[in-house]
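Remarks on the structure that follows.
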Amino acid sequence: MIALVTGANRGIGHEVARQLAAAGHTVMVSARSLEAATKAAAKIGGDAHPLRLDITNGDDITSAATEIGTRFGGLDILVNNAAIAYDTWQRAVNADLDVVREAAETNLYGPWRLTQALLPLLRASAHPRIVNVSSEAASLTSMGGGTPAYNTTKTALNALTRMLSAELRPDGILVNAICPGWVATDMGGPGGRPVADGAAGIVWAATLPDSGPTGGFFRDRQPLPW
């Protein structure tokens, strides 16, 4: 299986890439700089390969799709993990909308553009999977105030998950959103649970059987309310 994990040079993305490689998959370890991607892939070992990919850059996305197609001829797993702007300092009533727009470029438009570019490669797979790394903070059921850039863009990513799952169901592409929970990373801060635990649910969604769910929102394999 050929997998691409975005934002894989650290945190949850790095651990997802590590777990996939440890399970015997070929993993493209992407980061915004080739140096960071190379260091991360070397640390993971196994069949891990660095890939420079800034998901806000259309040329990078085109180049990544070309490279993956040339090297492997297809793609089995896409993990849209890269995200920014956990803006705990903001409130919706006075939010800096430039911050919200910047967050949307990475948290929504980036995964959307990348998915569109990689669809021909995913359709070439016998068991294609797309995993959008989301957050329970995006759940409308329990949403309150605060972190407006992060929450609104992750909610939009959940909506995209639902649309893609419906449109790609005839192609056999399973598309799910996964909340890793509060994990101790640079973005999540100290005090969260181990990164490996948060990554495990993402890996589960990335390696679902053909009979597995699609269009769902999960944490630790259990459904979350939208």
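Scanning segment 134-168 for residues being more than 19 Å from the chain's Cα centre (by Cα) and aromatic (Phe, Trp, Tyr) gives a total of 0.
So that you can scan it fast, the table gives a plain yes or no per residue for (1) modelled with pLDDT of 95 or more; (2) not polar (S, T, N, Q):
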| site | (1), (2) |
| --- | --- |
| Ser142 | no, no |
| Tyr150 | yes, yes |
| Leu160 | yes, yes |
| Met163 | yes, yes |
| Pro170 | yes, yes |
| Leu174 | yes, yes |
| Gly181 | no, yes |
| Pro194 | no, yes |
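When restricted to residues that are farther than 22 Å from Ile202 by Cβ and not in a loop (DSSP other than H, G, I, E, B), segment 73-85 contains 0.
Can you work out which of the residues in segment 165-184 that are outside any loop (DSSP other than H, G, I, E, B) and in contact with a helix residue (DSSP H, G or I) (Cβ under 7 Å, 6 or more places away or on another chain) is surrounded by the most Cβ atoms within 10 Å (Cβ to Cβ)? Among those that are outside any loop (DSSP other than H, G, I, E, B) and in contact with a helix residue (DSSP H, G or I) (Cβ under 7 Å, 6 or more places away or on another chain), it is Ile178. For segment 97-116, check the following and say yes or no: at least one residue is of a type in the set (Asp, Glu) and over 24 Å from Ala31 (Cβ atoms). Yes, that holds for at least one residue. For segment 87-131, the candidate set comprises residues that are closer than 29 Å to Ala166 by Cβ and aromatic (Phe, Trp, Tyr); within that set, the residue that is surrounded by the most Cβ atoms within 10 Å (Cβ to Cβ) is Trp112. Under the condition of being free of Cβ contacts under 8 Å to residues at least 24 places away in the same chain and more than 17 Å from Arg113 (Cβ to Cβ), the residues counted in segment 139-182 number 6. Of the residues making up segment 124-138, those that are over 19 Å from Ile2 (Cβ atoms), without any contact (Cβ under 8 Å) to a residue 60 or more places away in the chain and part of a loop (DSSP other than H, G, I, E, B) number 1. Tally the residues that are out of contact with any Phe, Trp or Tyr (no Cβ under 8 Å at 6 or more places or on another chain) and in contact (Cβ under 8 Å) with a residue 12 or more places away in the chain, restricting the search to segment 52-70. Qualifying residue count, segment 52-70: 12. Among the residues of segment 29-59, those that are under 21 Å from Ala205 (Cβ atoms) and either under 13 Å from the mean Cα position of the chain (by Cα) or assigned to a loop (DSSP other than H, G, I, E, B) (or both) comprise Val29, Ser30, Gly46, Asp47, Leu53, Ile55.
When Leu34, Leu20, Leu51 are checked against the criterion of being within 20 Å of Arg113 (Cα to Cα) and not acidic (Asp, Glu), a single residue qualifies: Leu51.
Results for (1) at pLDDT 95 or above; (2) out of contact with any Lys or Arg (no Cβ under 7 Å at 6 or more places or on another chain), shown as yes or no for each residue.
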{"residue": "Ala37", "(1), (2)": "yes, no"}
{"residue": "Ala41", "(1), (2)": "yes, yes"}
{"residue": "Ile44", "(1), (2)": "yes, no"}
{"residue": "Thr56", "(1), (2)": "yes, yes"}
{"residue": "Ala65", "(1), (2)": "yes, yes"}
{"residue": "Ile77", "(1), (2)": "yes, no"}
{"residue": "Asn81", "(1), (2)": "yes, yes"}
{"residue": "Ala85", "(1), (2)": "no, yes"}
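Just so you know, in segment 64-86 the residues that are of a type outside the set (A, V, I, L, M, F, W, C) and within 24 Å of Arg101 (Cα to Cα) include one that is surrounded by the fewest Cβ atoms within 10 Å (Cβ to Cβ), and it is Tyr86. Just one of the listed residues (Thr70, Thr88, Thr62) is over 21 Å from Val203 (Cα atoms), part of a loop (DSSP other than H, G, I, E, B), of a type in the set (S, T, N, Q) and out of contact with any Asp or Glu (no Cβ under 9 Å at 6 or more places or on another chain), namely Thr88. Residue count for segment 132-149 under the criterion of being among the hydrophobic types (A, V, I, L, M, F, W, C), more than 30 Å from Pro170 (Cβ to Cβ) and surrounded by 15 or more Cβ atoms within 10 Å (Cβ to Cβ): the result is 2.
The values are calculated or read from the model by the stated rules, or taken from the named source; none is laboratory data. In this text the structure is predicted, and so the values were computed from the model without any measurement. No Cβ is skipped: glycine too gets one built from the backbone with ideal geometry, and neighbour counts run over all protein chains shown.
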